[in-house]
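Structure record follows, encoded as structure tokens.
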Amino acid sequence: MQRILLLDSTLREGEQAPKVRFSREQSLQTAGELDSFGVDFIEVSPTVSERSRQAAKDILAAGLKANVILHGRATKEDIDLLHSFSPKWIAIYLSTSDVHLEHKLHMTKQDALSRAAETIRYAKSLGLKVRFTCEDASRTDADYLIRMARAAHDAGADRISITDTVGVMTPSSMYSLVHKVKSAIPSAELDVHCHNDLGLALANSLASVEAGATCIHTCINGAGERAGIPKIAEVAMALQVLYKQREDLQISTLPRLSKMFSDFTRLHCDPFSPVVGENVFRHKGGTHLGAVLRSDGKAYEAFTPESVGRARRFVVGEYSGKNVLRYLSTNLGLNLTDAQVAKAMARLKEKEGDMFEFEA
Amino acid sequence: MENSISVFIGVVTEEKAKTSEIIKAILTIPGVKSAWELTGSLDLIVLASSQSVHSLNVVVEAVRACAGVKETTTYLVLDSHGEVKQR
């Protein structure tokens, strides 16, 4: 598999979520942290307000390693606005599904093809790198989607984004769709932008890269419209753990990214959220915990807590086994006898729930 | 659920040691929450807490190393009751 690029859209897609709004300073700090983490693209939308325009200027002026990609509609008006910021990259979007063409854009399929080609050619004439997004691609007739992608490619689009805008794909259907587009236009570089309405955004994104896409769109903590898009933490770890690539990503900073987002938005991270959720390296059940102790975590961890800047924690209470008490006895010099361990164990079994936890 | 681990450290002091000085030293150890003077088989009992078992062990070792401390016994806190929740 090719090297997979990461585009983070926290400052564009993420801000489209209720309660998510970043000040200029927070936008710049978020972009800086994403850049340090190692994303390849940071997507920003300067078309929203004066604040968003100022934030985009700040981020473009910050000299980041990542490409800052400015997002707008496939209209000459938006392209001119985006161009006024002197970016290297812009992303322009146009709906391709029947339902969007009819009810949102009031355009025919032929008109949409023409609009895509004209706007891409216009942006290219301004010297811009262009990503063209086929909005609602997953609900678009596949033959028409290929015609659209080919029109975009022929007009000079540097990248084409295939979207599952309402999150209705399965991994196999997403694989099939991306594979069709890639097979029809082998030289096209494809992004995937998968929404999480049915909890399949990560799986669909991974299926897409297996089918030939080379860039996954993410947000910190999976923010975005409705159920959001894939979490940057889970995508990054999937690339490292499952596909053995992107070792350059600074994954130990993922918890900091997640916390920063929570602090800025006051939206708490789900404790079960992969990689960064507070439960991810907590072990509780007696037999699990015993196996974790004997295997240095390998028995019940897909990757080490240290690799992502976390620590392993053990929970003591009703569910505990003797292993955790023996572990504590050894590490704190308690010198508990077997009879004392058994007695303490019996008392823990009388408890209702968890008593305490600690970093192992 | 408490998000830290606590122990009581029972201390027997040297015969001629000044208890007040031992307590003063013990209370400077990060992680020590409180200390009580007792009569009987223990002279002092010290409550210490930490989020990490390893850093808590450092606290236990530091108490042990205080001048005038003869021997210690460490007791893990499984639960606490009543008004004093000292973790």
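For residue A:355, which sequence-distant residues (separation of 5 or more, or a different chain) have an amide H within less than 5 Å of its own amide H, given hydrogens modelled in the peptide plane?
Amide H neighbours of residue A:355, under 5 Å, 5+ apart: A:316, A:317, A:318.
Calculate how large, on average over all directions, the projected area of the Cα convex hull of the protein assembly as shown is; give the answer in nm² to one decimal.
Computed as one quarter of the Cα hull surface, the answer is 26.1 nm².
In whole Å, how far is the Cα centre of the stretch A:72-120 from that of the stretch A:128-205?
Using only Cα atoms to place each centre, the spacing works out to 15 Å.
Considering Cα pairs under 8 angstrom that are at least six residues apart, work out the relative contact order of the stretch A:297-359 and quote it in whole percent.
47 percent
Would you mind ranking A:357, A:25, B:15 by Cβ crowding within 10 Å, fewest neighbours first? Could you put the intermediate results ahead of the total?
On the way: A:357 20, A:25 11, B:15 7.
So the residues, fewest neighbours to most, are B:15, A:25, A:357.
Do you know the relative contact order of chain A, to the nearest whole percent, from alpha carbon pairs under 8 angstrom that are 6+ apart?
13 percent
Which lysines, on any chain, are close to residue A:129 with Cα under 19 Å apart, when same-chain ones fewer than 8 places away are left out?
Straight-distance partners of residue A:129: A:57, A:65, A:76, A:88.
Whole angstrom only: what separates the Cα centroid of the stretch B:27-87 from the Cα centroid of the stretch A:313-360?
One Cα centre to the other: 18 Å.
Using a Gaussian network model of chain B with C-alpha springs under 10 Å, which one of B:47, B:56, B:38 is most mobile by mean-square fluctuation?
Judging by the Gaussian network model, the answer is B:38.
If you build a Gaussian network model of chain A, linking Cα atoms that sit under 10 Å apart, which residue out of A:316, A:235, A:308 swings the most?
A:316
Cut-off 10 angstrom, C-alpha nodes, Gaussian network model of chain A. Which of A:77, A:135, A:118 fluctuates the most?
Comparing A:77, A:135, A:118 in the GNM, the peak value goes to A:77.
If packing is taken as the average number of other Cβ atoms within 10 Å across a peptide's residues, how do A:237-245, A:166-174, A:104-112 rank, most packed first?
A:166-174, A:237-245, A:104-112
Give the residue from A:348, A:39, A:209 lying farthest towards the positive end of the charge dipole for chain A; charges sit on Cβ (+1 for Lys and Arg, -1 for Asp and Glu) and the dipole is referred to the Cα centre.
Of the listed residues, the answer is A:348.
Helix-only estimate, please: 222 nm mean residue ellipticity of chain A, summing -39500 (n - 2.57) across DSSP H runs of length 4 or more and dividing by its residues, to the nearest 500.
Rounded to the nearest 500, it is -12500 deg cm²/dmol.
With unit charges on the beta carbons (Lys and Arg positive, Asp and Glu negative) and the dipole taken about the Cα centre of chain A, which residue among A:20, A:48, A:94 sits farthest to the positive side?
A:20
Which value, in debye to the nearest 20, describes the size of the charge dipole of the stretch A:224-282 about its Cα centre when Lys and Arg Cβ atoms bear +1, Asp and Glu Cβ atoms bear -1, and nothing else is charged?
Values: 8 positive and 7 negative charges, 10 e Å.
Dipole size: approximately 40 debye.
Hey, rough spin-label estimate for residue A:104 and residue A:62, points 7 angstrom out along Cα→Cβ, what's it come to in nanometres?
Distance between the two pseudo-spin positions: 2.8 nm.
Expressed as an acute angle from 0 to 90° and rounded to the nearest 10, what is the orientation of the C-alpha long axis of helix B:53-64 relative to the principal long axis of chain B?
Its long axis makes an angle of about 20 degrees.
Just need the relative contact order of the stretch A:32-102 here, percent rounded to a whole number, with Cα pairs under 8 Å and 6+ apart.
28 percent
Dipole magnitude of the stretch A:5-265 about its Cα centre, charges +1 at Lys/Arg Cβ and -1 at Asp/Glu Cβ only, in debye to the nearest 20?
Numbers: 30 positive and 33 negative charges, 55 e Å.
Approximately 260 debye in magnitude.
So if I place +1 on the C-beta of Lys and Arg and -1 on the C-beta of Asp and Glu, and nothing else carries charge, what would the dipole magnitude of the protein assembly as shown be about its Cα centre? I want it in debye, nearest 20.
Rounded to the nearest 20 debye, it is 340 debye.
Taking Rh as the Kirkwood radius computed over C-alpha pairs, what is the Stokes-Einstein D of the stretch A:282-359 at 37 °C in a medium of viscosity 0.692 mPa s, expressed in µm² per second?
Taking Rh from Cα pairs, D becomes 253 µm²/s.
Readers should treat all values here as calculations from the given coordinates under stated rules, not as data from a laboratory. If you're wondering where the values come from, they're calculated on a predicted model, not measured in any experiment. Counting neighbours? That spans all protein chains shown, and the Cβs are built from the backbone with ideal geometry, glycine included.
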